[in-house]
Structures are given as C-alpha cells and as structure tokens.
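Report on the following structure.
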Amino acid sequence: MRTHYLTLALAAPIATLQAVAATSNGNQPTASTDKPNVILIYADDLGYGDLECYGAKNVQTPHINRLAQEGIRFTDAHAVAATSTPSRYSLLTGEYAWRKPGTDVAAGNAGMIISPGQFTLADMFKSVGYATGAIGKWHLGLGEKTGEQDWNAPLSSTPADLGFDYHYIMAATADRVPCVFIEDSQIANYDPSAPIEVSYRQNFPGEPTGKDNPELLYNLKPSHGHDMSIVNGISRIGYMKGGGKALWKDENIADSITTHAIQFIESHKDEPFFLYFATNDVHVPRFPHDRFRGKNPMGLRGDAIAQFDWSVGELLNTLDRLGLTENTLVILSSDNGPVVDDGYADEAEERLNGHRPSGPWRGNKYSAFEGGTAVPAIVRWPARIQPGKESGALISQIDWMASLGKLIGARLPKESAPDSWNRLSTLLGDDETNRPWVMEYSSNHVLSVRSGKWKYIDPSDGPAMIPWGPKIETGNLSTPQLYLLDENVYEQENVAEKYPAKVFELQKIARRVRTSSIYHENK
Ligand code: NG6
Ligand code: CA
C-alpha cells in the first residue's frame with residue numbers, strides 16, 4: 001500500500017496533506033486517504049430526473065442534495081444495462097453482462113449468477129483488509145441451481161462466497177418471491193412453523209393468488225402481471241408457500257435494511273469497510289412507510305423517492321455521529337433508468353404532475369435510448385474531493401471496480417474485471433475526461449455506444465414499444481440509429497444517413513466489444 005500512497009500523494013499533494021491534517025486530530029487510527037471507507041448506495045429504478053439536485057420539483061430530497069453539495073454531481077453517468085440483474089452483474093464483477101449467459105432479469109429462485117471463483121468488487125476490498133457487507137436488493141441469484149434451493153436450511157452459493165463478510169438481502173426484487181430477508185446465508189427470523197417453498201412454475205395447492213383472489217389484495221393491486229402469490233396484501237411474480245413471521249412487510253423494508261446498514265457501519269467503525277447498500281426504493285411494489293406518505297403530489301412513487309432520501313440521510317447521519325464522514329467515500333447511483341407504471345396500480349402515471357423521471361433523456365428503464373441507462377451519480381469524499389462540483393464527463397459504472405481498486409491499492413487478478421478501466425481521476429473530479437466510449441445494453445440485448453455527444457444504436461427487429469404494459473419506447477429500429485446529443489436535443493433526429501463514417505466507427509466498437517474486452521493501458 002505504501003507505493004500506492006506515494007502515487008496518490010504525488011498526484012494530489014495538497015488534497016492529501018489537507019486530509020491528513022483534517023483527520024490527524026480525530027480519534028480514528030484508520031483515517032488516512034489510502035483506505036477510505038466506501039459506501040456504494042445503489043438505488044433501484046431511480047431516474048436521472050427523480051432527485052431535487054437533478055431538477056425534480058415535485059419531491060424533496062434534502063439528504064441527497066446535501067451529498068451532492070458536498071461532493072461531485074455527474075451529469076452523464078451510465079449504468080451498464082437498462083435493467084437490474086445485468087447492471088448489478090457488471091458493477092460487481094467488472095465484466096459486461098452480455099459475456100455471461102443468464103444475466104437477464106433473474107427470477108427469485110435463480111441459481112447464483114456470479115460464480116464463486118470470479119473475483120468480485122467485494123473480493124477486491126477484502127483483499128486489502130476491508131470489512132465487506134451487502135445489504136438490500138441482491139437480484140443475482142442464490143444457491144447452486146435454479147429452482148433447487150432448500151430455503152429452510154443454510155443456502156449454498158450466496159454473497160458469502162463472493163467476498164462479502166456479511167449480507168442481509170432480498171433474494172431478487174420486492175415483486176418476486178420469496179418475500180423474506182436472507183442474512184448470512186439463512187432466512188432471517190426463520191419461522192420453523194411455516195417452512196418455505198418457492199416455485200416459478202406452478203402454484204402450491206390451496207394457496208391464494210392475485211389472479212384468483214383479488215379480494216385479498218388489500219395493499220396494492222397489479223396493473224399488469226404480478227398476479228401470483230399474495231404476501232402482505234400484494235400479489236407478486238412467482239409462487240411461494242409458508243414464511244410465517246419471516247415474511248417482510250413492504251412498508252418496513254426501508255427501515256429494516258437501513259437499520260442493518262447502520263449496524264454494519266457501527267460495528268466496523270474502527271477498520272476500513274466497504275458497504276454495498278442496494279435499496280428496494282423506488283422499485284415496485286411501491287409501498288413506503290406511512291410517515292413518508294402524502295407529502296408530495298406524485299403519490300406512492302414520490303413517497304418512495306422521499307423514503308430513499310431518508311435512508312441516505314440515516315447513513316450520512318451515522319457517519320457524522322461516528323466521526324467517519326471525512327474519510328468515507330460515498331457513491332450514490334441507480335441500477336437503471338426510471339419506470340413509471342411497472343405493474344402495480346399505484347397511480348404513478350396519473351400523478352406525475354409534470355415530473356420527468358428521466359430528466360431530459362429519451363426513453364426509460366428497458367430502453368436502448370439514453371433514459372434506459374442515464375442515471376444520477378454522486379460521489380462525496382470530504383477528505384479528498386472539493387465540495388460543490390459538477391462533472392459532465394461521460395462515465396460508466398463498469399469502471400468503478402478498477403477505479404476503486406486503484407484507489408485502495410488492490411491488485412486485480414489477471415483475468416478479473418476484464419471490462420473495467422481505471423478512471424479514478426475522473427471519478428474523484430480531478431479531471432473531466434470522457435471515457436472514449438460507453439456501452440449501453442437494453443433489455444432486449446441491443447447494444448448502444450456513446451462517444452462524446454454521439455449516440456449509436458445497433459439495429460434490431462424488436463418492437464418499438466415495450467409489449468407488456470408500461471408505455472415505454474424500446475429504442476428498437478431495424479436500421480442503425482445515430483444521434484447527436486446537444487444541449488436541447490436528445491435522440492430526436494436520426495442522422496445515420498448523414499454521417500456514415502461515424503456510424504461505421506461506432507458500429508465497429510459495438511461489434512468488437514460485444515465479443516471481446518478491449519484492454520486499456522489504464523487498467
Ligand atoms: C419485469 C416486471 C417488472 C420488474 C422488472 C425487473 C412484469 C410485468 N414486469 O418483468 O415489474 O420487476 O421485470 O425490474 O412482471 S428490475 O429493475 O429488477 O430489473
Ligand atoms: Ca432496477
């Protein structure tokens with residue numbers, strides 16, 4: 001770590017000296033800038049335009065505004081994919097999801113998608129002595145084989161096999177069974193009187209479903225799909241039986257994961273820690289706690305944003321209380337772009353009141369258009385980063401593994417994180433250099449390439465609109481699309497015929513990167 005410290009000191013002597021001075025009177029022996037704590041706050045389906053500090057007017061997000069004021073707010077940041085599982089896979093492994101079969105939106109009984117032999121983001125932190133934790137939404141499968149987990153015994157193949165010392169997670173999403181938390185490879189609050197069975201094929205005899213028993217849906221009804229097992233008066237995707245007192249209550253999910261995150265921070269306050277805090281907000285079913293309700297004109301979707309902001313505030317307050325704020329790097333982002341109606345009758349569409357969840361971008365979650373992957377990204381680290389910055393650099397979450405690896409002086413095994421490049425200086429705001437190109441992966445596997453202000457979308461024969469419910473443009477077109485994004489025009493005029501050389505150049509990148517990683521000297 002010594003060499004790394006020197007590099008950092010040479011790269012930013014003033015900031016480093018300030019950091020040492022700022023922390024030398026504290027009581028934290030670990031408070032030097034070569035081993036900051038790292039908290040990655042990963043929201044679900046939170047759009048570029050959903051936060052006040054990104055222009056939202058209908059909902060207040062004071063805690064996230066604070067985070068942005070004290071750090072850097074990125075305005076051209078991208079998740080790798082337009083849905084959860086492939087984005088999370090890419091973030092946690094540094095490998096593009098399309099290289100690995102089975103990385104589409106995972107069922108709640110999917111086997112673990114990342115193999116225990118892969119070197120993950122958590123392994124990387126662990127390799128240099130960090131305590132590591134994953135709390136919240138997982139959605140990357142558990143157990144060795146799809147559909148064959150015994151949910152009533154310790155599970156094999158869990159985040160514990162991927163470098164996380166501790167986990168408290170939902171297996172998939174809140175709209176997928178099983179509706180229980182898993183802590184250290186076992187169902188939390190396990191209720192032996194109600195053994196759990198899960199199936200994505202057929203219902204269990206005698207169990208009610210949203211389809212057959214709509215009278216039991218006292219909390220939320222589906223708008224499309226989501227009509228299988230009923231838990232807490234809400235029908236889900238998939239069938240489950242049992243659970244008893246281990247079943248979650250949707251209104252308490254934010255409280256529950258936030259409390260566990262605070263406990264994790266408290267128990268590791270004296271050593272460097274890495275916390276992957278993946279919230280359920282603002283994914284469906286949106287059923288936030290009563291105390292967040294009714295304070296914005298957007299109804300449940302707005303309330304879920306407020307609840308997310310509260311969770312962030314609780315973590316920031318914990319850092320303040322423990323004297324850890326100065327030397328904790330907090331990154332806040334989202335796994336994909338926003339969606340309004342995603343399958344429950346929560347009035348999200350009707351009550352937008354002029355709110356634009358994807359901000360200026362075209363398209364939403366699932367899309368090949370920018371709205372599929374353009375996400376908020378805020379980075380705060382008082383010991384090292386000047387407050388109040390804004391960066392327009394084109395960045396991608398694929399690079400966070402190699403960049404953070406550089407920061408903490410970790411050595412990545414040769415074959416690991418093959419697509420992740422070290423772009424630490426941009427992430428810390430030392431420069432505003434665009435990644436030469438950023439890949440985007442839509443829900444129907446279309447690849448797009450951003451390069452500077454250019455956006456290229458591979459041709460695809462898929463439908464122009466999402467076929468199953470939400471009113472979302474997919475971005476599909478049977479011919480190549482090329483857009484020039486400028487201040488006011490986002491993917492409106494397809495200029496592919498006007499600039500064939502540009503189409504060719506970006507198409508070539510898409511073809512190459514689809515089949516193999518491109519080595520980058522910065523790695
Ligand atoms: C879709 C679900 C949607 C959401 C999504 C995954 C239906 C009709 N729609 O299949 O509600 O769960 O999958 O979202 O079932 S993600 O953010 O986890 O990728
Ligand atoms: Ca998502």
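The values are calculated or read from the model by the stated rules, or taken from the named source; none is laboratory data. Just so it is clear, the structure is predicted and the values come from calculations on it, not from any experiment. A quick note on method: Cβ atoms are made from the backbone with ideal geometry, for glycine too, and the neighbour counts reach across all protein chains shown. For accessibility, only protein heavy atoms count, side chains too; no ligands or nucleic acids. Shrake-Rupley method; radii C 1.70, N 1.55, O 1.52, S 1.80 Å.
Conditions tested, residue by residue: (1) within 16 Å of ligand 1 (Cβ to nearest atom); (2) modelled with pLDDT of 95 or more; (3) over 23 Å from Arg176 (Cα atoms); (4) crowded, with 21+ Cβ neighbours inside 10 Å.
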| position | (1), (2), (3), (4) |
| --- | --- |
| Gly47 | yes, yes, no, yes |
| Thr85 | yes, yes, no, yes |
| Gly94 | no, yes, yes, yes |
| Pro101 | no, yes, no, no |
| Lys126 | no, yes, yes, no |
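With respect to (1) in contact (Cβ under 8 Å) with a residue 40 or more places away in the chain; (2) over 23 Å from the mean Cα position of the chain (by Cα), the lone exception for Thr474 is condition (2). One residue is enough: does the range 239-248 have a residue meeting the conditions within 16 Å of ligand 2 (Cβ to nearest atom) and open to solvent by 10 Å² or more (accessible area, probe 1.4 Å)? Within the range 239-248, none of the residues are within 16 Å of ligand 2 (Cβ to nearest atom) and open to solvent by 10 Å² or more (accessible area, probe 1.4 Å). Val180 passes every criterion in (1) crowded, with 23+ Cβ neighbours inside 10 Å; (2) in the same structural domain as Phe277 (by TED's automatic domain parsing); (3) free of Cβ contacts under 8 Å to residues at least 60 places away in the same chain apart from (3). For the range 183-195, the candidate set comprises residues that are of a type in the set (S, T, N, Q) and touching a helix residue (DSSP H, G or I) at 6+ places or on another chain (Cβ under 7 Å); within that set, the residue that is surrounded by the fewest Cβ atoms within 10 Å (Cβ to Cβ) is Ser193. Residues that are farther than 25 Å from Phe125 by Cβ, of a type in the set (S, T, N, Q) and surrounded by fewer than 24 Cβ atoms within 10 Å (Cβ to Cβ) occur at least once in the range 349-365. Somewhere in the range 352-374, is a residue away from ligand 1 (no atom under 15 Å from the Cβ), under 21 Å from Arg236 (Cβ atoms) and either acidic (Asp, Glu) or at pLDDT 95 or above (or both)? No, the conditions are met nowhere in the range 352-374. Taken over the range 413-428, residues that are at pLDDT 95 or above and farther than 22 Å from Ala377 by Cβ amount to 3. Listed by first and then second residue, the pairs with beta-carbon distance under 8 Å, at least 6 apart or on different chains, first residue in the range 300-316 and under 23 Å from Glu350 (Cβ atoms) and touching a residue at least 60 places away in the same chain (Cβ under 8 Å), second open to solvent by 10 Å² or more (accessible area, probe 1.4 Å) and assigned to a helix (DSSP H, G or I), are Ala306/Phe292; Asp309/Pro62; Asp309/His63.
Under 8 Å between Cβ atoms, which residue pairs at least 6 apart in sequence (or on different chains) link something in the range 104-120 that is in the same structural domain as Gly94 (by TED's automatic domain parsing) and open to solvent by 20 Å² or more (accessible area, probe 1.4 Å) with a partner that is within 16 Å of ligand 2 (Cβ to nearest atom) and basic (Lys, Arg)? Pairs found: Ala107/Arg176. If I filter the range 250-272 down to residues being among the charged types (D, E, K, R) and outside any loop (DSSP other than H, G, I, E, B), which single residue comes out as least open to solvent (accessible area, probe 1.4 Å)? The extreme case among them is Asp250.
Outside any loop (DSSP other than H, G, I, E, B) and either at pLDDT 95 or above or among the acidic types (Asp, Glu) (or both): is that true of Gly302 in this structure? Taking the combined requirement at face value, the residue satisfies it. One residue alone among Phe277, Phe292 is of a type in the set (Phe, Trp, Tyr), more than 30 Å from Met124 (Cβ to Cβ) and surrounded by 21 or more Cβ atoms within 10 Å (Cβ to Cβ), and that residue is Phe292. Can you tell me which of (1) open to solvent by 10 Å² or more (accessible area, probe 1.4 Å); (2) under 15 Å from the mean Cα position of the chain (by Cα); (3) not hydrophobic (A, V, I, L, M, F, W, C) is the one Pro382 doesn't meet? Result: Pro382 fails condition (2) only. If you check Thr325 against the conditions, is it open to solvent by 10 Å² or more (accessible area, probe 1.4 Å) and part of a helix (DSSP H, G or I)? Here the answer is no, as Thr325 does not meet what is asked. Please work out which residue is nearest to Gly372 (Cα to Cα), limiting yourself to the range 339-351 and to residues that are of a type outside the set (Phe, Trp, Tyr) and within 10 Å of ligand 1 (Cβ to nearest atom). Step by step, filter the range 339-351, then rank; the result is Val339. Is it the case that the range 389-397 has a residue that's open to solvent by less than 20 Å² (accessible area, probe 1.4 Å) and assigned to a loop (DSSP other than H, G, I, E, B)? Looking for residues that are open to solvent by less than 20 Å² (accessible area, probe 1.4 Å) and assigned to a loop (DSSP other than H, G, I, E, B), one finds at least one in the range 389-397, hence yes. Would you check if there is a residue in the range 55-77 being in the same structural domain as Trp310 (by TED's automatic domain parsing), within 15 Å of ligand 2 (Cβ to nearest atom) and at pLDDT 95 or above? The answer is no; no qualifying residue exists.
Restricting attention to the range 156-177 and to residues that are in contact with a strand residue (DSSP E or B) (Cβ under 7 Å, 6 or more places away or on another chain) and open to solvent by 20 Å² or more (accessible area, probe 1.4 Å), the residue that is farthest from Gln118 (Cα to Cα) turns out to be Arg176. Looking only at residues in the range 445-471 that are closer than 26 Å to Asp341 by Cβ and without any contact (Cβ under 8 Å) to a residue 60 or more places away in the chain, the one that is most open to solvent (accessible area, probe 1.4 Å) is Asp461.
Against the condition outside any loop (DSSP other than H, G, I, E, B) and either surrounded by fewer than 24 Cβ atoms within 10 Å (Cβ to Cβ) or within 16 Å of ligand 1 (Cβ to nearest atom) (or both), how does Asn317 come out, does it pass? It is true that Asn317 is outside any loop (DSSP other than H, G, I, E, B) and either surrounded by fewer than 24 Cβ atoms within 10 Å (Cβ to Cβ) or within 16 Å of ligand 1 (Cβ to nearest atom) (or both).
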